[in-house]
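Worksheet: one structure, shown below.
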Amino acid sequence: MTPAAATALDALHYLYRINNSLRSALAPGELLWPLSMPPKLPADKSTIQLAKTTPEKDAYLKEWAKRRNFSSGTPCGVHINLSLNPRVVDTVYNNLRGQFANRMQAQTYLYTIIAQGFVRYRWFLTYLFGASPVAEENFFEKNQGPTKPVRSLRQSHYGFGTHFSGDYSSVQAYVDRIEQGAKEGKLISDYEFHGSVRFKGGSSLKKMPAEGIDYIELRMLDLDPSSSVGVRSDTLRFVRLLARLLCNDASFKTS
């Protein structure tokens, strides 16, 4: 994960430094896989090793392995954390004080509107930047793959295995939807929510409606195999411009 950066170019500079450090630490014969879809998988998926992380995440991964198809956990992509310039939030709040009880409400409203827009135009981002049209051997079971060309397997129903949709109508609806999914067993935990956009903020998911959204995480971009770091500056600039457009188009109550 890169530090927060003010420009797309600065973010990429951080990413190149991290990427170069990682490449220099690879053992002889090791390579970084450049695609969102995994390389050839073993015929027996149970032989795939789970990552070693924190005890809490380890417990989640073990439970996930019991319930899900191993293949569905192997695709990866670019995650972009997007935050608003504080001056934008201040401008909205100061000019529309009658519509928000406090600055946090104004900020949360803006992030909600932007998230709704990215979900609405996810298809367009996939059309422009989708880069996972094929899967290597053993990803699909026999006769289970697509019968027609696709732009992004990772972003289709062939990708992540839960097919659980989020509710972005409000931050409270977002939290309620994920908690209900976990309660009904559709999600193992909030970790397993793989929506194309995630709200980030608060000390916990449950407290997010009271504590507000600090930033949003965009998860709909495949790795770009034409870039050594998986994403290009033009892609990041496009995402920023789209966020600005969505923010400018935000509808505010007039009474």
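The values are calculated or read from the model by the stated rules, or taken from the named source; none is laboratory data. As the structure is a prediction and not an experimental result, all values here were calculated from the model. Using ideal geometry, Cβ is built from the backbone for each residue, glycine included, and neighbour counts are taken over all protein chains shown.
For the reader, a short list of remarks on this structure follows.
- Given (1) among the small types (Gly, Ala, Ser); (2) in contact (Cβ under 8 Å) with a residue 40 or more places away in the chain; (3) in contact with a helix residue (DSSP H, G or I) (Cβ under 9 Å, 6 or more places away or on another chain); (4) surrounded by 17 or more Cβ atoms within 10 Å (Cβ to Cβ), number of the condition Ser170 does not satisfy: (4)
- In the set Leu96, Leu153, only one residue is crowded, with 17+ Cβ neighbours inside 10 Å and either farther than 25 Å from Asp190 by Cβ or not charged (D, E, K, R) (or both); that residue is Leu153.
- No other residue among Thr74, Thr54 is of a type in the set (Val, Ile, Thr) and exposed (fewer than 14 other Cβ atoms within 10 Å of the Cβ) apart from Thr54.
- Members of region 78-91 that are out of contact with any Lys or Arg (no Cβ under 6 Å at 6 or more places or on another chain) and either under 20 Å from Ser36 (Cβ atoms) or touching a residue at least 40 places away in the same chain (Cβ under 8 Å) (or both): Val78, Ile80, Asn81, Leu82, Ser83, Leu84, Val88
- The single condition among (1) in a helix (DSSP H, G or I); (2) without any contact (Cβ under 8 Å) to a residue 12 or more places away in the chain that Thr53 does not meet is (1).
- Residue among Ile213, Ile113, Ile178 that is over 30 Å from Pro34 (Cα atoms) and touching a strand residue (DSSP E or B) at 6+ places or on another chain (Cβ under 9 Å): Ile213
- Condition check for Ser228: of a type in the set (S, T, N, Q) and in contact with a Ser or Thr (Cβ under 9 Å, 6 or more places away or on another chain): no
- Top-ranked residue of region 9-26 - restricted to ones that are farther than 14 Å from Val78 by Cα and of a type in the set (A, V, I, L, M), ranked as modelled with the lowest pLDDT: Leu9
- Pro28 vs. criteria loosely packed, with under 12 Cβ neighbours inside 10 Å and free of Cβ contacts under 8 Å to residues at least 40 places away in the same chain: yes
- Subset of region 189-198 that is out of contact with any Leu (no Cβ under 9 Å at 6 or more places or on another chain) and surrounded by 18 or more Cβ atoms within 10 Å (Cβ to Cβ) - its residue that is farthest from Glu56 (Cα to Cα): Gly195
- Some residue of region 147-160 being modelled with pLDDT of 90 or more, in contact with a Phe, Trp or Tyr (Cβ under 7 Å, 6 or more places away or on another chain) and of a type in the set (A, V, I, L, M): no
- Output for region 114-137, where each listed residue is part of a loop (DSSP other than H, G, I, E, B) and in contact with a helix residue (DSSP H, G or I) (Cβ under 8 Å, 6 or more places away or on another chain): Tyr121
- Of all the listed residues (Gly202, Gly185, Gly230, Gly212), the sole one being at positive phi and either within 15 Å of the chain's Cα centre (by Cα) or among the β-branched types (Val, Ile, Thr) (or both) is Gly230.
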